[in-house]
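Student: Sharing a structure with you now.
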Amino acid sequence: MQPATATDLTRRLAVEQSGSRLPSLAAGVVRDGELVWSGARGTIDGRRTGRDADEHTQYRMGSITKTFIAVAVLRLRDEGKLDLADPLERHLPDTSIGDVTIAQLLSHAAGVQAETDGPWWERTQGGPWRSLVDQLGRRHPAGRLFHYSNVGFGVLGELVSRLRGTSWSRVVAEELLEPLGMDRTTKRPVAPHAHGLAVHPFADVLLTEPEHDGGAMAPAGQLWTTVHDLARWAAFLGGRTGDLLDPETLAEMCRPLVVVDVPGAPWTGAHGLGVQLWNTDGRRFVGHGGSMPGFLAEVRVDVETGDGVVVLTNSTSGLTRSFAADLLDAFVTAEPRLPSTWQAGDVAPEVFELVGHWYWGSATFELHAMDDGWLRLAPASGGGRTSRFRPDGDGRWVGLDGYYNGEPLVAIRRPDGTVSHLDLASFRFTRTPYDPAADVPGGIDRAGWH
């Protein structure tokens with residue numbers, strides 16, 4: 001990172017800590033899987049004589065914990081121990097919400113209540129699983145709309161525990177934290193850690209927030225972490241999963257499943273399988289926010305580039321909502337990624353003969369050869385039904401995204417072996433508009449073009 005960029009990011013962090021009256025604020029920027037900048041401002045107890053915060057200071061991450069639970073669930077799915085379409089009762093038969101699916105719980109589409117029925121669980125000692133079961137209920141029919149549910153992730157934590165035969169926290173520690181080297185991420189605080197604080201709205205005084213074990217609700221927001229550790233998780237969400245999670249499973253997690261619809265406002269957010277998604281000016285970000293009494297946190301990663309930001313503070317409120325996004329945008333603007341160097345490659349003859357213009361009716365499309373024998377079909381005018389295709393054997397390809405995701409593309413050949421047309425999900429693409437020799441469905445008007 002250039003010194004001028006680092007200075008600018010540090011200045012932005014200082015302005016936010018001071019202007020928003022945060023006891024301490026720590027942040028970091030990730031590129032190519034590495035923490036390329038970090039900064040901290042303030043003291044861990046908010047007092048002038050307190051210990052300065054740094055990248056190794058622990059803060060409570062709150063709901064970012066949910067992303068770890070989600071990965072643990074998807075690892076179980078990849079091992080064949082569950083299916084995302086399974087009703088909950090197949091694995092946890094002792095609840096009143098047994099008909100909701102695991103996927104619905106992960107994406108906050110199960111209609112399950114947002115919070116427990118008892119006292120504010122984030123500020124009171126948590127109880128065992130049985131105490132949560134007795135409170136379980138729903139507020140909406142399953143699968144109808146987005147309804148954020150902390151309770152739902154308490155249920156998912158129990159699911160992980162049942163299927164692994166140990167606590168959810170041990171599963172997360174052994175399967176994710178230890179392999180990633182996140183040795184400062186723990187279930188309860190380990191010094192040096194920030195104190196959870198509330199700042200009075202009209203006076204520069206503090207109130208200490210309670211800290212406790214959330215019990216059965218802990219999977220919704222229990223974990224503590226540092227900028228250094230959370231940067232590694234940002235790298236993970238950005239694609240650096242190693243052998244811990246299949247890249248296709250990560251991509252599945254990051255697909256928007258349920259839109260966060262706020263009446264009267266255009267939607268820009270959604271939820272995938274345990275992760276939040278933001279759509280900002282055509283750029284898609286994945287991650288999660290976190291909020292617990294005394295703490296706010298966020299991890300946000302650009303899905304396409306893997307560039308990410310992590311932010312942690314020990315204040316119940318006050319952090320500017322857009323601070324994390326603005327910090328990442330400032331970094332990317334100052335130091336944009338260089339485009340990859342173009343290099344010539346090999347294109348197989350059976351692929352090369354397909355490239356060029358094709359026509360769906362009178363609409364012009366372009367078919368381009370990609371790396372590894374893949375194809376990309378797009379309207380010549382841009383936008384529209386654009387899809388990539390990978391080889392599927394014997395002159396066939398299968399769609400990877402967009403309208404044609406999962407649909408077959410077949411090159412139909414004449415008796416002499418030359419390509420007559422493309423058959424894509426029953427649509428005929430021809431070399432000229434409505435080529436009468438290409439067996440266009442419905443036939444061609446005998447009068448032809450006139």
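Student: Inside segment 162-191, can you point out the residues that are touching a residue at least 24 places away in the same chain (Cβ under 8 Å), closer than 21 Å to Trp129 by Cβ and not charged (D, E, K, R)?
Tutor: Leu163, Trp168, Ser169, Val171, Val172
Student: For segment 100-156, which positions are hydroxyl-bearing (Ser, Thr, Tyr) and closer than 30 Å to Asp78 by Cα?
Tutor: Thr101, Ser107, Tyr148, Ser149, listed by residue number.
Student: Take the residues in segment 344-356 that are in a loop (DSSP other than H, G, I, E, B), without any contact (Cβ under 8 Å) to a residue 24 or more places away in the chain and not β-branched (Val, Ile, Thr); name whichever of them is surrounded by the fewest Cβ atoms within 10 Å (Cβ to Cβ).
Tutor: Ala344
Student: For the condition out of contact with any helix residue (DSSP H, G or I) (no Cβ under 8 Å at 6 or more places or on another chain) and either part of a loop (DSSP other than H, G, I, E, B) or without any contact (Cβ under 8 Å) to a residue 40 or more places away in the chain (or both), what is the one hit in Arg41, Arg47?
Tutor: Arg47
Student: Restricting attention to segment 400-423, and to residues there that are surrounded by 15 or more Cβ atoms within 10 Å (Cβ to Cβ) and among the small types (Gly, Ala, Ser), which single residue is farthest from Ala251 (Cα to Cα)?
Tutor: Ser420
Student: Could you identify the single residue in Ala40, Ala53, Ala114 that is within 30 Å of Ala198 (Cβ to Cβ), in the same structural domain as Ser20 (by TED's automatic domain parsing), surrounded by fewer than 18 Cβ atoms within 10 Å (Cβ to Cβ) and of a type in the set (Gly, Ala, Ser)?
Tutor: Being within 30 Å of Ala198 (Cβ to Cβ), in the same structural domain as Ser20 (by TED's automatic domain parsing), surrounded by fewer than 18 Cβ atoms within 10 Å (Cβ to Cβ) and of a type in the set (Gly, Ala, Ser) holds for just one of Ala40, Ala53, Ala114, which is Ala114.
Student: Among (1) free of Cβ contacts under 8 Å to residues at least 60 places away in the same chain; (2) surrounded by fewer than 24 Cβ atoms within 10 Å (Cβ to Cβ); (3) touching a helix residue (DSSP H, G or I) at 6+ places or on another chain (Cβ under 7 Å), there is one condition Arg90 misses while meeting the rest; what is its number?
Tutor: (3)
Residue-by-condition table, conditions (1) farther than 28 Å from Leu328 by Cα; (2) small (Gly, Ala, Ser); (3) in a loop (DSSP other than H, G, I, E, B):
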| site | (1), (2), (3) |
| --- | --- |
| Glu158 | yes, no, no |
| Ser161 | yes, yes, no |
| Glu175 | yes, no, no |
| Asp183 | no, no, yes |
| His195 | no, no, yes |
| Phe202 | yes, no, yes |
| Ala235 | no, yes, no |
| Gly242 | no, yes, yes |
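Student: Does any residue of segment 367-375 turn out to be exposed (fewer than 14 other Cβ atoms within 10 Å of the Cβ), of a type in the set (Asp, Glu), in a loop (DSSP other than H, G, I, E, B) and without any contact (Cβ under 8 Å) to a residue 40 or more places away in the chain?
Tutor: No, segment 367-375 has no match at all.
Student: Follow-up. With the requirement that a residue be within 22 Å of Gly62 (Cα to Cα) and touching a residue at least 60 places away in the same chain (Cβ under 8 Å), what does segment 260-269 give you?
Tutor: Selection gives Val260 alone.
Student: Name the one entry in Tyr359, Tyr434 that is in a loop (DSSP other than H, G, I, E, B), in contact (Cβ under 8 Å) with a residue 60 or more places away in the chain and surrounded by 11 or more Cβ atoms within 10 Å (Cβ to Cβ). Talk me through it step by step, then tell me what you get.
Tutor: Values: Tyr359 fails: in a loop (DSSP other than H, G, I, E, B).
Criteria check complete, one pass: Tyr434.
Student: Evaluate the following for Ser24: is it closer than 30 Å to Ala198 by Cβ, of a type in the set (S, T, N, Q) and within 22 Å of the chain's Cα centre (by Cα)?
Tutor: Here the answer is no, as Ser24 does not meet what is asked.
Student: Within segment 89-120, count every residue that is more than 23 Å from the chain's Cα centre (by Cα) and outside any loop (DSSP other than H, G, I, E, B).
Tutor: Qualifying residue count for the region: 2.
Student: Name the single residue that is farthest from the chain's Cα centre (by Cα) among those in segment 52-88 being in a loop (DSSP other than H, G, I, E, B) and of a type in the set (Gly, Ala, Ser).
Tutor: So the residue we want is Ala53.
Student: Looking at Thr305, Thr320, Thr333 in this structure, which one is at negative phi, surrounded by fewer than 18 Cβ atoms within 10 Å (Cβ to Cβ) and free of Cβ contacts under 8 Å to residues at least 12 places away in the same chain?
Tutor: From the options Thr305, Thr320, Thr333, the qualifying one is Thr333.
Student: Confirm whether Thr186 is out of contact with any Gly (no Cβ under 6 Å at 6 or more places or on another chain), of a type outside the set (A, V, I, L, M) and surrounded by 23 or more Cβ atoms within 10 Å (Cβ to Cβ).
Tutor: No, not satisfied.
Student: Is one or more of the residues making up segment 230-238 of a type in the set (D, E, K, R), surrounded by fewer than 17 Cβ atoms within 10 Å (Cβ to Cβ) and either over 25 Å from Val71 (Cβ atoms) or out of contact with any Lys or Arg (no Cβ under 8 Å at 6 or more places or on another chain) (or both)?
Tutor: No: segment 230-238 contains no residue that is of a type in the set (D, E, K, R), surrounded by fewer than 17 Cβ atoms within 10 Å (Cβ to Cβ) and either over 25 Å from Val71 (Cβ atoms) or out of contact with any Lys or Arg (no Cβ under 8 Å at 6 or more places or on another chain) (or both).
The values are calculated or read from the model by the stated rules, or taken from the named source; none is laboratory data. Computed from a predicted model, the values in this text were never measured in an experiment. Because the Cβ atoms are built from the backbone with ideal geometry, glycine has one as well, and the counts that use them run over all protein chains shown.
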